[in-house]
Amino acid sequence: TKVVYAGPPAPIEGAPRASEVDRFFRDRVTVRAGDSVRWEFKGPHNVTFLATGATAAPPFVDAQVLNPYATERDAAGRPFWFSGAFPTLTLGADMVKPTPGPTYDGSALRNSGIPMLSSGAPKPYTLRFPKPGTYTYYCLLHPGIHNAFDGMRGTVRVLEKGATPPSAKADRSAIAAQARTAGATAA
């Protein structure tokens, strides 16, 4: 099992104290078919793998769409504060709700949910990858400027069973290099 950190595994040297580094560390991990990846959450993040060809649901939805009182008015004919006069956003179901299933092969959505919403330390999220290929995942809490696909994301490259993925030492070196780059960018 390879470990990926959702957020920096340790404070980033050189980054200003108030900065936030929204990245997966190591953002490109390689495993063999049948191996697992475990994401450890170091901030408010989630891990979402879409089904092949699918697009991400919006991370936030207008709660007024679901509001049965949206058309209600007070005695003076004005809308109540909860009737939609003020925009109200809530987290979308695809982000909040974890999906069942211990494996990912590109055929169905897999989502960690938002581990930070439960009490205590966030629980890691683990998936096994039975089929060779390259799979992209996203943090829907940190989409990009244009859409969810140019924001916080990572890839899992799955090799054939007999292939040799990078060593734990190589992974630690890659994480350290990412942290140095993130620190320089934040500074």
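Of all residues being charged (D, E, K, R), closer than 23 Å to residue 158 by Cα and not in a strand (DSSP E or B) in the range 24-45, which is least open to solvent (accessible area, probe 1.4 Å)? Just the residue, please.
Taking the candidates together, the pick is 27.
Taking the range 154-173 as the region of interest, how many residues are loosely packed, with under 12 Cβ neighbours inside 10 Å and out of contact with any strand residue (DSSP E or B) (no Cβ under 6 Å at 6 or more places or on another chain)? Give the steps one after another, and end with the answer.
Our first condition is that a residue be loosely packed, with under 12 Cβ neighbours inside 10 Å; within the range 154-173, this holds for 160-162, 164, 167-169.
Then drop every residue that is not out of contact with any strand residue (DSSP E or B) (no Cβ under 6 Å at 6 or more places or on another chain), which leaves 160, 162, 164, 167-169.
Going through the range 154-173 one residue at a time, the tally reaches 6.
Would you please name the residue that is least open to solvent (accessible area, probe 1.4 Å), looking only at residues in the range 105-144 that are charged (D, E, K, R) and under 16 Å from the mean Cα position of the chain (by Cα)?
If we filter the range 105-144 for residues that are charged (D, E, K, R), which is where we start, we get 105, 110, 123, 128, 131.
If we keep only those that are under 16 Å from the mean Cα position of the chain (by Cα) as well, we get 110, 123.
Details: 110: 42, 123: 147 Å².
Once the filter is applied, the top-ranked residue is 110.
Which one of these is part of a loop (DSSP other than H, G, I, E, B) and either at pLDDT 80 or above or on the phi > 0 side of the Ramachandran plot (or both): 4, 21?
Details: 4 fails: part of a loop (DSSP other than H, G, I, E, B).
Going through 4, 21 in turn, the sole match is 21.
A quick yes/no check of all residues on (1) assigned to a loop (DSSP other than H, G, I, E, B); (2) of a type in the set (S, T, N, Q); (3) at pLDDT 85 or above:
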{"residue": "99", "(1), (2), (3)": "yes, yes, yes"}
{"residue": "107", "(1), (2), (3)": "yes, yes, yes"}
{"residue": "116", "(1), (2), (3)": "no, no, no"}
{"residue": "126", "(1), (2), (3)": "no, yes, yes"}
{"residue": "134", "(1), (2), (3)": "no, yes, yes"}
{"residue": "141", "(1), (2), (3)": "yes, no, no"}
{"residue": "144", "(1), (2), (3)": "yes, no, no"}
{"residue": "157", "(1), (2), (3)": "no, no, yes"}
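Could you check how many residues of the range 174-183 are open to solvent by 70 Å² or more (accessible area, probe 1.4 Å) and not hydroxyl-bearing (Ser, Thr, Tyr)?
Taking the range 174-183 first, the residues open to solvent by 70 Å² or more (accessible area, probe 1.4 Å) are 180-181.
Among the residues that remain, those that are also not hydroxyl-bearing (Ser, Thr, Tyr) are: 180.
Selection size over the range 174-183: 1.
The values are calculated or read from the model by the stated rules, or taken from the named source; none is laboratory data. Here the structure is a predicted model, which means the values were calculated and not measured. Every residue, glycine as well, gets a Cβ built from its backbone with ideal geometry; the counts of neighbours run over all protein chains shown. The protein model used for the area step is the full one, side chains on, heavy atoms only, and it has no ligands, DNA or RNA in it. Shrake-Rupley method; radii C 1.70, N 1.55, O 1.52, S 1.80 Å.
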